[in-house]
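Read through the structure below, which is laid out as structure tokens, and then see the notes.
Derivation of every value follows stated rules applied to the coordinates shown; laboratory data play no part. Note that the structure is predicted; figures quoted are calculated from it, not measured. Note that we place each Cβ from the backbone using ideal geometry, even for glycine, and neighbour counts take in every protein chain shown.
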Amino acid sequence: MAYLFDSSAIYAITRARRTELLIQSGTCSLARYELCNILLTERHVRKRISESEQKYLLSKLVRALGFMRIMSIADYEQGIIDTAIELGLSFYDASYVHLAKKSGMVLVTEDAKLARKINGHVHTATTAELTR
């Protein structure tokens, strides 16, 4: 089975030190930006992680992304907008949904609200389901 990980799932897998699950899986080209924003928020806004932990996680995330298939949204912009409108999603979330559907991949996400919204449109899984 082929998996497409959104940024919430990549972050969770990295925090759990299970990045081997990401090898040869896919993600959206927007993931790098979203992951850096998660690190910024966790460190500076929520103060949940220290500077050293943030730097460690960044190095692990960058390495993990190097093992993944980075899927571009180029030429899919209108389809993504249509998906966003149809399902009531942000452009970012719709990007993952659209790419998963187009490629026949299972979308791995930690976002329960997103998973509920796309139920019936794309198969989803959580990181916990992958690590059983």
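Count of lysine pairs in the chain with Cα atoms under 27 Å apart, counting only pairs 8 or more residues apart in sequence or on different chains?
So the count works out to 8.
For His121 and Tyr33, what does the FRET efficiency come to when R0 = 22 Å and r is the distance between their Cβ atoms, rounded to the nearest 0.05?
0.35
Anything in the chain that counts as a DSSP H helix reaching 24 Å or more along its axis (C-alpha) with Kyte-Doolittle mean of at least -1.0? List them, would you?
Once both thresholds are applied, what remains is 51-67.
Using a Förster distance of 25 angstrom, determine the FRET efficiency expected from the C-beta separation of Tyr56 and Glu129, and round it to 0.05.
0.45
Give the dimensionless ratio obtained when the Cα radius of gyration of the chain is divided by 2.2 N^0.38 Å.
Dividing the Cα radius of gyration by 2.2 N^0.38 Å gives 1.02.
Farthest toward the dipole's positive end in the chain, which of Val62, Ser95, Leu4, given Cβ charges of +1 (Lys, Arg) and -1 (Asp, Glu) about the Cα centre?
Highest projection toward the positive end goes to Val62.
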